[in-house]
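Let me begin by presenting the structure, written as structure tokens, before commenting on it.
The values are calculated or read from the model by the stated rules, or taken from the named source; none is laboratory data. Keep in mind it's a predicted model, so treat the numbers as computed, not measured. Heads up, the Cβs are rebuilt from the backbone with ideal geometry, glycines too, and the neighbour counts pull from every protein chain shown.
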Amino acid sequence: MIRIFTTGGTIDKVYFDANSEFEIGESLVPELLAESNIHKGYRLQGLLRKDSLEMTDEDRGLILEAVAGCHSDHILITHGTDTMAETAQALSSVRGKTIVLTGAMQPARMRRSDAVFNIGFAWSAVQLLPPGVYIAMNGEVFEAGAVRKNLQAQRFERS
């Protein structure tokens, strides 16, 4: 059984119009998985509904506690991309589990989002990778502590 924790981020953002602020809405992860014909084999739990730029060390501690305390050895976490690398690093003390963080550069609610691909890619990665902490984004897997987000290029790369 794969445990999925949602924490917010762009993947779950809702924009009301061009002049409005965004909100983090209900997670679309179940819908994204269903689009890929994945209907069972996971348990979903919402931990936070935050933009990752607003995440604190206390929030990372909450994520760490949830991951360390769950019985599953395969954990997928949806997370905002701006501080995903920091959270992955904070989880690196967890042993014996395969932990994969993913998100999206565009909200899942938008027509041209990378969310469906990234969720499917992370779903596969969490089942195939050995124990450790990883970021799976846009067809690449990075180990925690060896990745950064390139803001200009809008992609992740090895650091």
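Could you run through the stretch 83-113 and say how many residues are modelled with pLDDT under 95 and either in contact with a Gly (Cβ under 9 Å, 6 or more places away or on another chain) or over 16 Å from Ile24 (Cα atoms) (or both)?
Matching residues across the stretch 83-113 total 4.
For the stretch 127-141, which residues satisfy the criterion of being surrounded by 13 or more Cβ atoms within 10 Å (Cβ to Cβ) and closer than 24 Å to Lys13 by Cα?
Tyr134, Ile135, Ala136, Met137, Asn138, Glu140, Val141
So Phe117 passes all but one of these: (1) surrounded by fewer than 19 Cβ atoms within 10 Å (Cβ to Cβ); (2) more than 13 Å from the chain's Cα centre (by Cα); (3) not hydroxyl-bearing (Ser, Thr, Tyr). Which condition number does it fail?
Failing condition for Phe117: (2).
If you check Thr56, Thr7, which single one turns out to be free of Cβ contacts under 8 Å to residues at least 40 places away in the same chain and either exposed (fewer than 14 other Cβ atoms within 10 Å of the Cβ) or closer than 21 Å to Ser92 by Cβ (or both)?
Thr56
Considering only the stretch 53-60, I want to know if a residue exists there that is hydrophobic (A, V, I, L, M, F, W, C) and within 15 Å of Trp123 (Cβ to Cβ).
No: the stretch 53-60 contains no residue that is hydrophobic (A, V, I, L, M, F, W, C) and within 15 Å of Trp123 (Cβ to Cβ).
Identify the residue in the stretch 12-51 that is within 15 Å of Pro107 (Cα to Cα) and among the β-branched types (Val, Ile, Thr) and, among all such residues, is surrounded by the fewest Cβ atoms within 10 Å (Cβ to Cβ).
It comes out as Val14.
Would you point out which residue out of Asp82, Asp114 is among the acidic types (Asp, Glu), closer than 15 Å to Gly9 by Cβ and either in contact (Cβ under 8 Å) with a residue 60 or more places away in the chain or in contact with a helix residue (DSSP H, G or I) (Cβ under 6 Å, 6 or more places away or on another chain) (or both)? Spell out how you get there, then give the answer.
Working: Asp114 fails: either in contact (Cβ under 8 Å) with a residue 60 or more places away in the chain or in contact with a helix residue (DSSP H, G or I) (Cβ under 6 Å, 6 or more places away or on another chain) (or both).
One residue alone meets the criteria, Asp82.
Each row is one residue, and each column tells you yes or no for (1) of a type in the set (Ser, Thr, Tyr); (2) in contact with a Pro (Cβ under 7 Å, 6 or more places away or on another chain); (3) farther than 16 Å from Ser52 by Cβ.
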position	(1), (2), (3)
Asp73	no, no, yes
Ser93	yes, no, yes
Gly96	no, yes, yes
Leu101	no, no, no
Gln154	no, no, no
Ser159	yes, no, yes
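Within the stretch 114-159, take every residue that is at pLDDT 95 or above and polar (S, T, N, Q) and give me the one that is nearest to Phe16 (Cα to Cα).
Asn118
Residue under question is Ile75, and the condition is that it be of a type in the set (Val, Ile, Thr), surrounded by fewer than 21 Cβ atoms within 10 Å (Cβ to Cβ) and under 24 Å from Glu143 (Cβ atoms); does it hold?
No.
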